[in-house]
Amino acid sequence: MDRELDGAPLTAPLLELDGLTVAVTVAGRSVTVVDGLAFALGTGETLGLVGESGSGKTMTALAIMRLLPPAARIAGGRVQLAGEDLAALDEGAMRRRRGRRVAMIFQEPITALDPVMTVGNQIAEVLVAHDGLTRRQARAEAMALLDAVGIALPAARLDEYPHRLSGGMRQRIGIAAAIAARPALLIADEPTTALDVTVQAEIVDLLLELQARLGMAILVISHNLGLISELADRIAVIYAGRLVEIGAATDVLAAPAHPYTRGLIAATPRIGGPRGRLATIPGMVPGFAESAVGCRFAPRCTLAFDRCRSEVPALAAAAGGRHAACHLVAAEVGP
Amino acid sequence: MSGRLAAAFGGHRLALVSAALLVSITLAVAAAPLLAAILGVDPDEVNLLARFQGPSLAHPLGTDELGRDVALRLLYGGRVSLAVGLAAAVLAAAFGTAVGLVAGYRGGLVDAALMRLTDGVIALPLLPLLIVLAAIDPAKLPGLGWLVAGEDASLYRIVAIVVLVGWTTIARLVRGAALSLRGRDYVLAAESYGASALRIMVVHILPGVTTPIIVATTLAVGNVILFESVLSFLGLGIQPPTPSWGNMLTNAQELIYDAPALVIWPGAAIFLTVIACNFLGDGLQDALDPRARRD
């Protein structure tokens, strides 16, 4: 593998975010929650988007889907998917691409399914919308999809309502609906957070299997580094709406370059590791309303110096081919 | 109806009695032409020699000031009143639901515009407006003549008037419910699969707002029957000789001392039907909405 290319996707880029900026209007003031985010995701590749709660992960996903809540809007940048800028499409064109080009699975399988609609109809709905299938064809196809996502007795499950199914099964249904129209990109927003640990592993295996079979790219969003390490080829770490580090998953996890990534990994509990209190990162994620001079992580960073508080660090190549937005990293490698 | 629903509804005795009463009234007015044929009496037949008769076998409720059979006129009037009440309530509910769904789901400017329109309609003084609208002869409106030609013109007109002013309650109810459902994950999920706005409104949001719609529509049937009575009483509603409970009251008002029965029968019919609709609406509310149930 060419080490120089670690900051770039391994295959031809499918999704390219270029300076994506999302602003939310709070009490009449516009606040930037995703700030100039730029990364690329190759065809069939998995990128893990990692960050704390409130770091802008979900806003990034919803911005790609163009499903931001009413108070939020894309304030700048481009979202190139297979060569077209999603941010510039009209609503009707974007709707036809949802499900077909890019689909999403959600954190809460309990609330992401319509409680008064059978699971078969919820999957068939996608097929009717995108493939123009008849009801009967869609039903047969929905059954095949249930089988593909590992649901036993798919014929019997088609006519069940969501409340009769377990959380793991409901997440499988959500996945079946998301992949029904064979999207090139699947966004998985905390796909296992609401599930039992054993079920989490099953869902991870299912996603890997489906990816191998369908060749879709996956953007997996989580604060759970264990999940990310199992799924992702590359990892992008965001902090307070900005990209702080991106690189091959194994490299980033083994030798993080950015102080924030280091802190994040240190705070992950390990079996067999030292007992006692887990490491924490001092301080809190800054409120987005706070003024953004310098590195946003500087107030919590033990290594911060004057320049961190006055100048925003640019993404720079770090040792091992990764890229990190830190003055220290830039100084280390040097121009 | 599921067992739980039936049990909850059955526990509401007044609602049960009201439902039975409404069914009986509906069956009776539906059978009016049949009864007329059996009795061999024409409800519009004037017989000046048999005015103000008391109850008899031939005329169970006696005859009115023109010698017409009161029982049959009551049944025929009920057909008009109930049909107008049901048609206007259902049409108003359909229109209000559409407005509420679009406003609640679309939000933003569309919501603001539709809700200001709704507020505007609510702010109009109802009775003067109804009187002005009722004074319009739809047969003379360009393009509408064919629709309202003939004897039933006043009937269509009153339905149209009630729909025009009556959709606001349901529009606001549905808008509020749609607003809260719009933020649900499953709506977002459906959007993420590429479902159209129309499909999301009809398939994913509408089922969640049926309870308030059903309850409000049931209550509205009673209100519309009252409206119809008021307008007919003022001479602006259903035009004689077509009987309605409202215009039967109008006819009887000057005879209230001479023939009080002519006032009592249509008045009682209106009173019972409206109150039955209200109790039924309350009962449905309790049965369909678990939060409102009292134990």
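The values are calculated or read from the model by the stated rules, or taken from the named source; none is laboratory data. Please read all numbers here as calculations on a predicted model, not as lab measurements. Reconstructed Cβ throughout: ideal geometry from the backbone, glycine too, with neighbour counts over all protein chains shown. What goes into the accessible areas is simple: the full protein's heavy atoms, side chains included, and nothing from ligands, DNA or RNA. Shrake-Rupley method; radii C 1.70, N 1.55, O 1.52, S 1.80 Å.
Summary of computed values
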| item | result |
| --- | --- |
| B:Leu14-A:Ala331 pseudo-label distance in nm [points 7 Å out on the Cα-to-Cβ vector] | 8.0 nm |
| Peptide-level mean, for A:113-123, of C-beta atoms on other protein chains within 10 Å | 4 |
| Rel. contact order, % - alpha carbon contacts under 8 angstrom, at least six apart, chain A | 20 percent |
| Normalised contact order of chain B, rounded percent, pairs of Cα under 8 Å and 6 or more residues apart | 25 percent |
| Shape category assigned to the range A:96-199 from the gyration tensor of Cα positions, a/c cut at 1.5 | oblate |
| With DNA, RNA and ligands ignored, accessible area of A:Ser30 (1.4 Å probe; Å², nearest 10) | 70 Å² |
| Portion, in percent, of the accessible area of chain A that falls on carbon or sulfur, probe 1.4 Å | 55 percent |
| Largest-first ordering by accessible area, 1.4 Å probe, given options A:Thr60, A:Thr21 | A:Thr21, A:Thr60 |
| Global geometry of the range A:159-257, whether rounded, prolate or oblate, following the gyration tensor of its Cα atoms and the 1.5 cut on a/c | prolate |
| Per-residue SASA entry for B:Trp167, accessible area with 1.4 Å probe, Å² rounded to 10 | 10 Å² |
| Whole-Å semi-axes of chain A's equivalent ellipsoid (Cα gyration tensor) | 36, 22, 19 |
| Inter-label distance, nm, simple model (7 Å from Cα along the C-beta direction), B:Thr210/A:Leu67 | 2.5 nm |
| Number of partner chain Cβ atoms within 10 Å, mean per residue of A:103-112 | 4 |
| Anisotropy class of the protein assembly as shown from Cα gyration tensor, a/c 1.5 cut | prolate |
| Among A:193-200, A:118-125, the order from most to least packed when residues are scored by Cβ within 10 Å on average | A:118-125, A:193-200 |
| Simple spin-label estimate for B:Leu124 and A:Thr302 in nanometres, 7 Å along Cα-Cβ | 7.3 nm |
| Threshold 20 Å², the range A:64-86 residues less accessible with all protein chains present than alone (1.4 Å probe) | A:Leu67, A:Pro70 |
| 10 Å Cβ neighbours from other chains, averaged over peptide A:171-182 | 1 |
| Order by protection proxy (mean Cβ within 10 Å, highest first), peptides B:255-261, B:94-100 | B:94-100, B:255-261 |
| Relative contact order [Cα under 8 Å, 6+ residues apart], the range B:208-285, whole percent | 38 percent |
